[in-house]
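Written below as structure tokens is the structure these notes are about.
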């Protein structure tokens, strides 16, 4: 895209946002318009395809803070859309040229001082090198080469556009930082591509992961943009995350809770561990099994803990012998009232 394009095109209008829009507003507007104008949604519509490309151009500039600053500066200097014309003798009446523009900007001709004189610029050639047009604009916009990236004049093309994607992974894969294959659509209408990426170890549900250099390639061999992946972690039927710890519910019988027992507890790595249930353990008590939670890092062997919540299971039906035993237990403990004082506490 040339400097002339920057001068003529109102990228804010293309995206339908105000000139003071923040980055989030610009991104939201780009996504909305890209979806509406995408070639897949408008097959055979040349106008929609042209506007889709314009939206991509606008977003590429306005989403980059440095390019946006330079674009705003050029538009402000040119009054929002002046055309560049040859400014010397023989120039047409179509408007002021570079010499007129910059002569008015600096208020004085280079090498002359009278009214109507003009600033003269040239590319350094034979003889003693002097400042050329690009050098002047380099000082004006604070960039080597004078022109913003991707204008065709400078040698610092802009990086590619960032892309968004989603990845749904299993609970164990999230803990291990698994490698996933993502199908990434091309917002410019090109074919979708597959990107293979390794997720961070212990990635969490809803976490957004930035994959450097996995976005759209930059123009002219510039670095590619990034791929921003929102991760959805599938729930596990037994375990759930609590920071670096894992939690689970352990069913036990009434006899195990009342009399105490040693029971086998499954762990996330499949090894299992034996846990002691103390006599008289109530339902809802939590036991901590150290070192059987989530791994804290790829280079760190330490882990969180496994927090086991005991749940006393009541059988749906009892065999005659078991029923008789429970009835005998009830008779032996009929003087005990587990709800003693509950009404008073509720009233208070």
Restricting the stretch 212-234 to residues that are surrounded by fewer than 18 Cβ atoms within 10 Å (Cβ to Cβ) and free of Cβ contacts under 8 Å to residues at least 60 places away in the same chain, the one farthest from residue 190 (Cα to Cα) turns out to be 212
Residue under question is residue 250, and the condition is that it be under 25 Å from the mean Cα position of the chain (by Cα) and surrounded by 13 or more Cβ atoms within 10 Å (Cβ to Cβ); does it hold? no
The strands (runs of 3 or more DSSP E) lying wholly within the stretch 277-341 that contain at least 3 residues that are surrounded by 11 or more Cβ atoms within 10 Å (Cβ to Cβ), in the same structural domain as residue 262 (by TED's automatic domain parsing) and at pLDDT 90 or above are 286-289, 306-312
Do we find a residue being assigned to a loop (DSSP other than H, G, I, E, B), within 30 Å of residue 69 (Cα to Cα) and either touching a helix residue (DSSP H, G or I) at 6+ places or on another chain (Cβ under 9 Å) or in the same structural domain as residue 38 (by TED's automatic domain parsing) (or both) anywhere in the stretch 188-205? yes
Practice prompt. Within the stretch 42-59, identify whether any single residue is modelled with pLDDT of 85 or more, part of a loop (DSSP other than H, G, I, E, B) and under 29 Å from the mean Cα position of the chain (by Cα), and answer yes or no.
Written response: no
ask   = Are any of the residues in the stretch 253-269 assigned to a strand (DSSP E or B), more than 15 Å from residue 310 (Cα to Cα) and in contact (Cβ under 8 Å) with a residue 12 or more places away in the chain?
value = no
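The values are calculated or read from the model by the stated rules, or taken from the named source; none is laboratory data. Remember, predicted model here, so these are calculated numbers, not experimental data. Every residue, glycine among them, receives a Cβ derived from its backbone with ideal geometry; neighbour counts consider all protein chains shown.
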